[in-house]
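Report on the following structure.
The values are calculated or read from the model by the stated rules, or taken from the named source; none is laboratory data. Just so it is clear, the structure is predicted and the values come from calculations on it, not from any experiment. Neighbour counts are summed over all protein chains in view; Cβ atoms, including those assigned to glycine, are modelled from backbone coordinates with ideal geometry.
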Amino acid sequence: MMVGGIVGVLGADSGPGFIEDCYNSGEISGSDHVGGIAGRLGSVAGCTIKNVYNIGKVTATSEGDTVGAIAGHVSTETPMTNCYFSNESFSVGIGKDDASSDLSKVKGFALSDMKGTGVVAKFGFDSDIWKNTDATPDIITKTIEDNNTPETTTKVPGGDTTTSPTTGNMVIYITVILATTFMIVFVSHKKARAINKGI
């Protein structure tokens, strides 16, 4: 099963997709193909990932190399820009890279170096979308709302209903098991902006 903090798999039979301006701070766990942002990237050509970070702990219940702080597995070339992770979340950004991707823009930091003033500029994030906080950078939700962005309402089985601003079409399936969040978002030809702060 492919599990990620934002998407389980990016790019599928319906075509390529991209992840942009997202972060995860919730703990992510699965058997294999587990990533802080995506379980698997680039199952079809043309996928991209940009301006993301993960500070949530990533674990896999089976042995293998398809586990990473950003993505568990990259199967086709997927341009990655400004992808950051805390070294405390997992030891590598990309678990398995079958595409010989350019990983120079996938970087790990100590969590303390991902907080405070100047981090948005240091990461190269758009200051119209991101804001510095005393903690790690956050999305400026007012900017999204001012652009008349539609909202996606998510019902967590056995839990509360949450509403979040999104761009594009997406379907979110969430399963909560033992206080661990699993999110699988299928994104097709549209831009998705999502945040997983855990439960």
Checking S43 against (1) assigned to a loop (DSSP other than H, G, I, E, B); (2) of a type in the set (S, T, N, Q); (3) touching a strand residue (DSSP E or B) at 6+ places or on another chain (Cβ under 6 Å); (4) more than 18 Å from P16 (Cβ to Cβ), which test does it fail?
(4)
V156 passes all but one of (1) in contact with a strand residue (DSSP E or B) (Cβ under 7 Å, 6 or more places away or on another chain); (2) at pLDDT 90 or above; (3) aliphatic (A, V, I, L, M); which number fails?
(2)
Within the set of pairs 6 or more residues apart or between chains, which connect a residue that is under 12 Å from M2 (Cα atoms) and in contact (Cβ under 8 Å) with a residue 40 or more places away in the chain inside the range 54-81 to a residue that is of a type outside the set (S, T, Y) and surrounded by fewer than 21 Cβ atoms within 10 Å (Cβ to Cβ) with Cβ atoms less than 6 Å apart?
H73/K96
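Are any residues in the range 37-63 of a type in the set (G, A, S) and over 22 Å from G26 (Cα atoms), and if so, which ones? Walk me through it before giving the result.
Taking the range 37-63 and keeping what is of a type in the set (G, A, S), we get 38-39, 42-43, 45-46, 56, 60, 62.
Those that are of a type in the set (G, A, S) and over 22 Å from G26 (Cα atoms): G42, S43, A45, G46.
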Where residues in the range 68-99 are of a type in the set (S, T, N, Q) and not in a loop (DSSP other than H, G, I, E, B), which of them is surrounded by the fewest Cβ atoms within 10 Å (Cβ to Cβ)?
T81
Sole exception among (1) at pLDDT below 90; (2) surrounded by fewer than 21 Cβ atoms within 10 Å (Cβ to Cβ) for K115, by number
(1)
Of the conditions (1) in contact with a Leu (Cβ under 9 Å, 6 or more places away or on another chain); (2) farther than 18 Å from D98 by Cα; (3) modelled with pLDDT under 95, V9 clears all except one; give me its number.
(2)
Which is more than 15 Å from the chain's Cα centre (by Cα), crowded, with 20+ Cβ neighbours inside 10 Å, part of a loop (DSSP other than H, G, I, E, B) and not hydrophobic (A, V, I, L, M, F, W, C), of D102, D65, D32?
D32
With the first residue restricted to the range 100-125 and required to be touching a residue at least 12 places away in the same chain (Cβ under 8 Å) and over 21 Å from M80 (Cβ atoms), and the second required to be surrounded by 11 or more Cβ atoms within 10 Å (Cβ to Cβ) and among the aliphatic types (A, V, I, L, M), Cβ contacts under 7 Å at 6 or more apart or on different chains are K115/A135
Report yes if A69 is of a type in the set (A, V, I, L, M, F, W, C), out of contact with any helix residue (DSSP H, G or I) (no Cβ under 8 Å at 6 or more places or on another chain) and more than 18 Å from G8 (Cβ to Cβ), otherwise no.
no
